[in-house]
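Colleague: Before anything else, here's the structure in question.
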Amino acid sequence: MRGPLLSLNRYGLSLGATLMLASCAAPPPVAPPPAAPGAKPGVATIDGANVELAAFQNSAFPYHGLIPNYQESGKTRPFLDVDDNGRLGHSSPRGGLLWEDQTYNDRTVLLAAPQNFDPTRPGVIIVFFHGNMATLERDVIARQQIVRQLADSGLNAVLIAPQLAHDAPDSSAGRFWSPGGFAAFLAEAEGKLGEFYPQSRGAFRRMPVVIVAYSGGYLPAVYSLTVGGDTGRVQGVVLLDALYGERDKFVSWVEREGRKAFFVSAYSTSSRDGNMAVEAELQRAGLTVQDSLPAALAPGEIAFVDAGSVDHNDFVTSAWGGAPLRDIFSRIR
């Protein structure tokens with residue numbers, strides 16, 4: 001077993017408390033177990049993985065640019081469109097007026113690697129975009145069990161998850177709207193990972209990427225694919241009850257760049273219409289589409305999986321078997 005990956009620094013105590021209080025599919029540890037001998041002070045092992053909550057320069061927010069294709073109108077609009085004596089805010093279609101200092105000022109990114117991760121072996125970088133009303137500690141780690149599902153899958157991979165709109169009903173993509181934004185984010189993450197695996201710094205720059213988006217995470221995901229600047233490395237895309245908009249962009253990507261990757265979209269009744277529309281478009285384009293997960297997710301595989309009447313808010317821990325990402329990750333080759 002390799003040494004712990006990352007330190008929680010000042011987030012250690014708050015994360016431990018969050019994990020004790022949050023409800024989730026499987027009870028998390030009461031507190032992070034002691035670090036391995038020789039590890040940096042404050043190192044935490046959570047759900048079978050070593051975890052850091054790090055501040056990024058190339059995070060999703062703050063963002064002072066434009067919203068492209070605002071509400072799919074083809075027009076742009078300033079993201080921060082309210083100025084109250086110097087206090088900036090964003091008029092969200094669902095959340096109303098949301099202030100930058102409360103909702104769009106969190107640079108935190110979750111980095112996690114299962115304890116058996118080996119950077120000298122072929123590996124994958126998983127980028128996870130969470131949905132609305134979420135924080136990394138309370139929801140991505142504790143409630144949705146993303147770290148645990150990756151660790152349990154057996155996939156040799158690391159997880160990178162940026163904080164998007166902080167605990168708010170908003171799907172804004174922030175810097176992922178910007179050309180090259182995804183590439184800059186990925187490069188910074190690779191650098192931070194390389195600091196903890198100094199003998200394998202170059203390995204992270206060579207690893208393929210799988211983008212996973214839940215619910216409102218579809219917006220940063222699709223702009224990462226279309227203007228992100230480093231999509232040649234994307235080996236696959238996984239959408240979890242997420243096809244609520246930008247359907248034409250997803251279709252175009254699958255028809256072109258996506259032919260060298262896999263595409264999986266699992267859905268409940270909440271996003272059924274969007275999934276049916278995209279599936280029909282791809283079939284009309286002559287692509288082969290499956291209605292169940294293939295045994296192995298290889299380049300060119302396209303699957304739409306109907307999870308039935310699963311509650312949208314619990315999709316990530318309630319869809320088939322209670323751990324849909326663990327199942328999907330275990331099929332990546």
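The values are calculated or read from the model by the stated rules, or taken from the named source; none is laboratory data. Every value quoted in this text rests on a predicted model; they were computed, and no experiment measured them. Here Cβ is always computed from backbone atoms with ideal geometry, including for glycine, and neighbour counts include all displayed protein chains.
Colleague: Given (1) over 21 Å from the mean Cα position of the chain (by Cα); (2) modelled with pLDDT of 95 or more, where does residue 266 come up short, assuming only one miss?
Modeller: Looking at each condition in turn, residue 266 falls short on (1).
Colleague: Here's another thing I want to ask about it. For residues that are outside any strand (DSSP E or B) and among the aromatic types (Phe, Trp, Tyr), scanning just the stretch 92-132, find the one that is farthest from residue 185 (Cα to Cα).
Modeller: 117
Colleague: Any residue that is touching a Phe, Trp or Tyr at 6+ places or on another chain (Cβ under 8 Å), outside any strand (DSSP E or B), modelled with pLDDT under 95 and among the charged types (D, E, K, R) - is there at least one of those in the stretch 1-8?
Modeller: Yes, the stretch 1-8 contains a residue that is touching a Phe, Trp or Tyr at 6+ places or on another chain (Cβ under 8 Å), outside any strand (DSSP E or B), modelled with pLDDT under 95 and among the charged types (D, E, K, R).
Here's the yes/no breakdown for (1) assigned to a helix (DSSP H, G or I); (2) on the phi > 0 side of the Ramachandran plot; (3) in contact with a helix residue (DSSP H, G or I) (Cβ under 9 Å, 6 or more places away or on another chain):
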| residue | (1), (2), (3) |
| --- | --- |
| 254 | yes, no, yes |
| 259 | yes, no, no |
| 266 | no, no, yes |
| 271 | yes, no, yes |
| 278 | yes, no, yes |
| 281 | yes, no, yes |
| 287 | no, no, yes |
| 292 | no, no, no |
| 325 | yes, no, yes |
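Colleague: Residues in the stretch 57-86 that are of a type in the set (A, V, I, L, M) and either surrounded by fewer than 16 Cβ atoms within 10 Å (Cβ to Cβ) or not in a loop (DSSP other than H, G, I, E, B) (or both): how many?
Modeller: 3
Colleague: Kindly indicate the residue of the stretch 230-253 that is under 18 Å from residue 183 (Cβ atoms), over 17 Å from the mean Cα position of the chain (by Cα) and of a type outside the set (A, V, I, L, M, F, W, C) and also modelled with the highest pLDDT among those meeting that condition. Show your work before the answer.
Modeller: The first filter runs over the stretch 230-253 and keeps only residues under 18 Å from residue 183 (Cβ atoms), leaving 230-237, 249, 253.
Remaining after also requiring over 17 Å from the mean Cα position of the chain (by Cα): 232, 249, 253.
Those still in the list that are of a type outside the set (A, V, I, L, M, F, W, C) too: 232, 249.
Values: 232: 87, 249: 97.
For the stretch 230-253, the residue satisfying everything is 249.
Colleague: Further question on the same structure: Which of the residues that make up the stretch 216-229 are under 24 Å from residue 260 (Cβ atoms), touching a strand residue (DSSP E or B) at 6+ places or on another chain (Cβ under 9 Å) and part of a helix (DSSP H, G or I)?
Modeller: 217, 218, 219, 220, 221, 222, 224, 225
Colleague: Out of 183, 213, 203, I need the residue that is of a type in the set (Gly, Ala, Ser), out of contact with any strand residue (DSSP E or B) (no Cβ under 6 Å at 6 or more places or on another chain) and within 21 Å of residue 332 (Cα to Cα). Which one?
Modeller: Numbers: 183 fails: within 21 Å of residue 332 (Cα to Cα); 213 fails: out of contact with any strand residue (DSSP E or B) (no Cβ under 6 Å at 6 or more places or on another chain).
Checking each option against the conditions leaves just 203.
Colleague: Here are some conditions: (1) polar (S, T, N, Q); (2) closer than 14 Å to residue 305 by Cα; (3) crowded, with 23+ Cβ neighbours inside 10 Å. Residue 269 meets all but one. Which one does it not meet?
Modeller: Of (1) polar (S, T, N, Q); (2) closer than 14 Å to residue 305 by Cα; (3) crowded, with 23+ Cβ neighbours inside 10 Å, only one is false for residue 269: (3).
Colleague: Across the stretch 192-215, what is the total count of residues that are at pLDDT 90 or above and either of a type in the set (Asp, Glu) or outside any helix (DSSP H, G or I) (or both)?
Modeller: 8
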